Structure formats: structure tokens, C-alpha cells
1. So, R0 is 35 Å and r is the distance between the beta-carbons of Arg4 and Arg201; what FRET efficiency does that work out to, to 0.05?
2. In the chain, what % of DSSP beta bridges are antiparallel (nearest 5)?
3. Taking all protein chains together and a probe of 1.4 Å, list Thr107, Thr194 from the most accessible to the least accessible.
4. How large are Rg and Dmax for segment 1-112 when only the alpha carbon atoms are used, in Å?
5. What helices does the chain hold that run 20 Å or longer along their axis, going by alpha-carbon atoms, with a Kyte-Doolittle average of 1.0 or more, using DSSP H for the helix calls?
6. Leaving out ligands and nucleic acids, and using a 1.4 Å probe, what accessible area per residue does the chain come to in Å²?
7. When only Cα pairs under 8 Å and 6 or more residues apart are kept, what is the percent relative contact order across segment 106-218?
8. Quick one: plug the Kirkwood hydrodynamic radius of the chain (C-alpha pairs) into Stokes-Einstein at 20 °C, 1.002 mPa s, and report D in µm²/s.
Amino acid sequence: MLVRQVINEDLGCASYLVACGGEAAVIDPQYEIEPYLELAALHGLRITRVLETHDHADHVSGHGRLADATGATIHAPAGSGATYPHETVADGDVIAFGNARIHVLATPGHRPEHVAYGIEDLGRGEGIAAIASGDSLLVGDVARPDLAVDPGEGGPALHDSIARLLDLGDHVEVLPGHIGGSLCGSDRMSGRTTSTIGYERRMQPLLSVTDPSTFTDELLEGLKARPPHVDHVVARNRGALHAHVATPVPLSIDDVVGLIRSDGAAIVDLRDEDAQHDAHIPGSASVPMTETGIGTRTSTQVDPRRPVVLLLDDAADAERVAMRLGSVGIDDVRGWIDGGFAAWREAGLPVARTRSMHVSEFAQLVRDGIPDDLVVVDVRDPSEWRQGVLGGSQLTSLASIAAGGFDASELAGRRVALICLSGSRAGQAAALLERAGVTGMLHVAGGGVLDLPGLGVALAEPAAVARA
Ligand SMILES: [Fe+2]
């Protein structure tokens, strides 16, 4: 038997190619299916099955692209909302090829239809050797129960599902659906990519909590705000199979202006942060290009139904970015601005600036006394406020701003300092609030709230601070 893990570093997703006897199944394929096709070619395999653990909320499945490329049958759990052609799998089903037996285990919680796939390798011996756990048991964590269901239902169901997985035995390998950095768990999730039942039993205190409601309360404590794009992604994953990936092309300034004016196109600015502060296209999304989180950061700032135009330092990155945006359901990537920002500026089109301040300068400003006309807005998640907040700051999460849950009119006529943990979310918040008409923003960069004590600024309990 051959088992290969494929990691999506941008989203923190893990997927698996399981093969035996010349046939392969792919569990929870990512949108970028090329790694599976390469593995299949390399090992002389036919990909005949795609196995979904659930309707994903954080990434667009590659099931449509993979079925189109290979003719594979898609298997989706009973009770999923799948409307595409598929075969249903349910608890107790066994999928057999070569010496592989893949056992379907109902493991609701993250979603009601969720199943895990127990992998038996008869070439070695009987019994489940590894569990592709999807969004149930993760390395260092368990999946969040609040993305698609009421956590009061999802939490206890997840508790019972985890107990079922722990019963598989300590020797069983855990092949999770996500790794650290994914929005489908908490900060407890490890950057390690596999584990065993025994190690997780020993190292995860949450797994020894026997009372389902205590388990749920402890689980919910560390969770980040629900991202705005999950409903769109779930709908995409349930709907018609989709195999097309946008091919971005160079766009002239006239094309770009036309797309903005007549089609409501969004500009996604992937240049580095300093360049964006210095000058940017008003209303553009701020997504400095790094190796991770391009899809999630863009989907926080851009309506996925609108066309997208990229602003890049290097046009050679356009296809990779388009794939990452397709992975979160942003499909209509038209192209990139030919000539980059210089072309925009040379055309005499409007330009905006964002003032930024390093967190150490900001600490100095706080120590000197925050000016009366400056309001500090902390855009970390509620679960992070507990670690301490700056006295007098307004608390609202980036997700809340993105979902329109923050009344920006209160900020009219005042200067606004945006702060988070590292500076990244503050930059995204500045882009969103600029679009909402807020002016005079100051982006606290190069660090955030938890750096302040080391810079001579004491933090307060969140209860002492007015919530915005
Ligand atoms: Fe999920």
C-alpha cells in the first residue's frame, strides 16, 4: 500500500492519496489537484475514487477538477448537501481495492454528515492502521464545531465521535484534515502533520474530558471568529462540479478601469506592506504576498462573486495567486495590471496612503498619553482579548468588520489606530475601513497588543474596556 500526504501550505489543509493494486483514492482533495496527478503518473496509478469526509467550509474541494481529469467517482457522506453526481457512503461501508480496505466511520460534530476513513492494509495485517480523520481529531486539537452547526449540538456530537476514534487503539496513526494555521481549529493545532491515537490521548488534555458540555465549553474558548466566506465555500462544495481555473492575463489600465466601473471588480494588492502604505489604489484589498494565507486574507476582504484584478510585483506569480483564490471560491480572476502600480500612477488615477507606525513608536505614543482625538481599535479575535487589551481601546474583530458588524460611522472625524497581534489583520482592517469611508487611519505594524508590556505599556482586563 502507498499512502501520501499532500499539504496545502496556504490554507493549512492536509489530503491523502491512498493506493494499492494500481488504483488510488484521494481523500479530501485540495483545489490544486496537480500533486495527485503527478503522484499517480509517478507510481503508475489510476485515481478511481475521491472520498470526501464532509462539505468543507474553508476551502473549495478539488473533487470536480479531479473527476474531470481522471473520471474518478466521488463518494460523499450520507446527509451531505451534495447535489453533484456522487455515490453516498455511510457508517460501516467498506471500500476495497488491492489490499486496501477503507472503512467509513460516522464522526459527526464539525458537521452532522462528517465521516472519517479508517485505512486497513491487508498486505501488513488485519485491523485499521491509520485514520484519515478529516475535521474530527487533529494533531494537538479537535476540529471546531461552530462553522456550520450550532456549537451546542456540534460540541457534544464531536465529543462522542472523538471517543469512538480513541477506541481504535493507541497504535493507530492519525492523518488529520488540517494542520496548524488552518481556520478549522484553534491555536492549539500543531504544525506537525501526523500523530497517533496514543500520543494524542496522552498529550491533549481536552480528550480526557468526559462530560460533553464541559468538553464543548473548553473547546469553544480558544476559537477564532467565524470567517465571512464559509457559507459561499460550502455552497460551492455542494453544488455543480467545477473544473475551470481562471487563467489571468495582462490588463491595460483602460481595461482595469472598465472592470472596476462596469463590473465592480475588486483590486487585490499583493505588493509588500511598505509599498502599499506609501501609495495604493483606493479601496483595494491588502494582501501582502507571503507563502501562507493568501486565500483566506483575500476572502476576508473581497466579495467572491465579483471579478478580481491582481496588483503584483512580479507577474509570474499571477497563476499561483489565481489558484489560491480559486481554492477559497474566488473564481473570476481576470488578470493583473500590466505595468503594475507605476502604470496606474502614470495614468493620473487616484492614489491613497495609509499611515503606519511601528509598534515600538506606538508604545511611545501611548506612554506619552493617547491624544483625545485618537481612537485605538483592537481587531484581534474575542478569544485573544482575554490575554490583555489596551485600556481605552475599542474591541472588534477583523471578521466582524468584514461582515459589516462594526459601525464605522462612530469613527467619523477621529483618527483611528488599528492594532492586532502581528500587524497583518490591522492592515486588512485598514483596507476594509478605507472602503467604508474611514479616513485618518494609522496601521500599527511590526507587532501588536502583546508586544506592548515589553515596551512599557501595561495591559488591562478586557472587561474593563468598552466593546465596540
Ligand atoms: Fe471542515
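The values are calculated or read from the model by the stated rules, or taken from the named source; none is laboratory data. This one's a predicted model, so the numbers in the text were calculated from it and none came from an experiment. All Cβ positions, glycine included, derive from the backbone under ideal geometry; neighbour counts span all protein chains shown. What goes into the accessible areas is simple: the full protein's heavy atoms, side chains included, and nothing from ligands, DNA or RNA. Shrake-Rupley method; radii C 1.70, N 1.55, O 1.52, S 1.80 Å.
1. Values: r = 26 Å, r/R0 = 0.74.
That gives a FRET efficiency of 0.85.
2. Numbers: 33 of 75 bridges.
That works out to approximately 45 percent antiparallel.
3. Values: Thr107 0, Thr194 45 Å².
Result, largest first: Thr194, Thr107.
4. 13.3, 37
5. Values: long enough: 151-166 (22 Å, -0.03).
Helices meeting the span and hydropathy rule in the chain: none at all.
6. On the way: 18380 Å² over 468 residues.
Per residue, the chain has an accessible area of 39 Å².
7. Relative CO of segment 106-218 lands at 28 percent.
8. Working: Rh = 23.5 Å.
Once the numbers are plugged in, D ends up at 91 µm²/s.
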